[in-house]
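Take a look at the structure below.
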């Protein structure tokens, strides 16, 4: 495609993929779907890709390759029937008892038989076959043991959309309506726990769940599911790397920096915007990294070993139904609070101030003279003054930043 259709893949690789397969179990398994979700990692990640996997009825020989395989299996069945009457001259055992017997039978009928090949060539453009026999005892292929979080009910789902590695949306029926297909290729980053395209019908289908109870399920609605790898190469390393990166990024934040947090149970606003504030109890810094072996608690928020506490002032989107992505400081929460960095989205956040004059975040310190009450009151007043001025300032978020933030769903 790079050579013949470069205009179709301007990024140099496929970032919008709608794959179709029949409903064969070896295509439609948790492991296969997990692998499909990993394909986006080298193609720009969740914010740059849209991968859809649709399933139809089992092919059973409707395609050329299925037809070839069907002919081979039929010929092996015939050989097995023949072997009941007389021994086969082309196998070591005289029967069809193992993999090598199957290989020799296929090579005899389709590999070395010129007459048979010429007959096949009349109906199929493939004029010759080469067969190779690989036995584990002669050609051992080391395969690691892997395990995945099972996708229960996968046999009854026929359209799957990738959100991120190990995270998918699925529904009971595929839909080829143009507006619905268009929403698939925009990607599922803005979808909540459930999603239905506005133009797509939501016919209910009554089914029986695993406990034998009758349930009504909307056939064309997507539901979010997870299928992460739970055991195998790279699982422990990946988890450790994500935690390390998140802690390192959090520890380097400074007063005034903007941050984003994941709020997965909020379908309306799944990411929350905050700003690092100065905490006088942390020597005026906005972050506290716990480098001890004990868990520390600040205002009821536990900070475990190696984790980072963040002193955050919340911001809120002015209109969650708008595409402007404009924010202002929270109207209901006017004081900073301590947050654990577990839900911190580990990316650099740049916000753009709209019009109003600058309003630097004040850096607070506890008085060294012992006048604690006066120092506390002074700090409270400075935060109140800053918040009052910040109420008039509007900040804008780039759409690319939001898409990137929404792509962090499995850390």
> What single numbered condition from (1) under 23 Å from the mean Cα position of the chain (by Cα); (2) not in a helix (DSSP H, G or I) fails to hold for residue 36?
Replying inline: (2)
> Which of the residues that make up the stretch 1-30 are in a loop (DSSP other than H, G, I, E, B), touching a helix residue (DSSP H, G or I) at 6+ places or on another chain (Cβ under 9 Å) and closer than 16 Å to residue 48 by Cβ?
Replying inline: 11, 12, 13, 14, 15
> Which condition breaks for residue 361 when tested against (1) farther than 24 Å from residue 302 by Cα; (2) in contact (Cβ under 8 Å) with a residue 12 or more places away in the chain; (3) assigned to a helix (DSSP H, G or I)?
Replying inline: (3)
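Yes/no matrix, rows are residues, columns are (1) part of a loop (DSSP other than H, G, I, E, B); (2) in contact with a helix residue (DSSP H, G or I) (Cβ under 6 Å, 6 or more places away or on another chain); (3) within 30 Å of residue 162 (Cα to Cα):
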{"position": "57", "(1), (2), (3)": "yes, no, yes"}
{"position": "65", "(1), (2), (3)": "no, no, yes"}
{"position": "79", "(1), (2), (3)": "no, yes, no"}
{"position": "95", "(1), (2), (3)": "yes, yes, no"}
> If we keep just the residues of the stretch 241-255 that are surrounded by 17 or more Cβ atoms within 10 Å (Cβ to Cβ) and under 18 Å from residue 291 (Cα atoms), which is farthest from the chain's Cα centre (by Cα)?
Replying inline: 253
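Throughout, read-outs are computed from the coordinates displayed, never taken from laboratory work. A quick note: this is a predicted structure, and the numbers were derived from the prediction, not measured. Cβ: placed from backbone, ideal geometry, glycine included. Neighbour counts: every protein chain shown.
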